[in-house]
Amino acid sequence: MTQQVAVASRTAGEGSVSKLAQFFPEAVAVRIPVRITGAGGRGGELSEQTLIEYGTADEVLFASTLPLEFEDHLYLENADGSLRAEADIVALQYHGGHVAIAARFTSKPANWIIQA
């Protein structure tokens, strides 16, 4: 039963990111597991594993369970360290208890797969 709940929750989160991606016409569907780290609106350090579901040359879109806010600063890193980037939250969309987030890179990452 626990696995079914996790799958249903992930699907709902992915749907909310798809809805946010409609506001980013250049967004390309990707599936990149990353660790997101940030301070969050309350000042304490926050961290979670998530999946970048869409990307542009300048932004990443993902679902999050963290209490993040507009303009929060994040650090993104994938498991092998080939993607290390900083980004600021530029959009949030709440949908059915899930939060979809769009974050814009503060500078061009060295190994980002989507080019302008």
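No lab work stands behind these numbers, since they all come straight from the coordinates. The structure displayed is predicted, hence computed values, not measured ones. We place every Cβ from the backbone using ideal geometry, glycine too, and count neighbours over all the protein chains shown.
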Would you kindly derive the ³J(HN,Hα) couplings of region 100-112 from the backbone phi angles with the Karplus curve 6.51 cos²θ - 1.76 cosθ + 1.60 (θ = phi - 60°), listing them in order in whole Hz, with x for Gly and Pro?
-> 9, 10, 10, 10, 9, 4, 7, 8, 4, x, 5, 10, 7
What trypsin sites (Lys or Arg not before Pro) in region 19-116 are in a loop by DSSP, with at most 15 other Cβ atoms within 10 Å of the Cβ?
-> R42
Count the net charge of all other residues whose Cβ sits under 12 Å from the Cβ of A27, scoring Lys and Arg as +1 and Asp and Glu as -1.
-> -3
Which value, in debye to the nearest 20, describes the size of the charge dipole of region 10-116 about its Cα centre when Lys and Arg Cβ atoms bear +1, Asp and Glu Cβ atoms bear -1, and nothing else is charged?
-> 200
Just going by the charge dipole of region 25-114, with Lys and Arg at +1 and Asp and Glu at -1 on Cβ, which of T56, G96, L83 is farthest out on the positive end?
-> L83
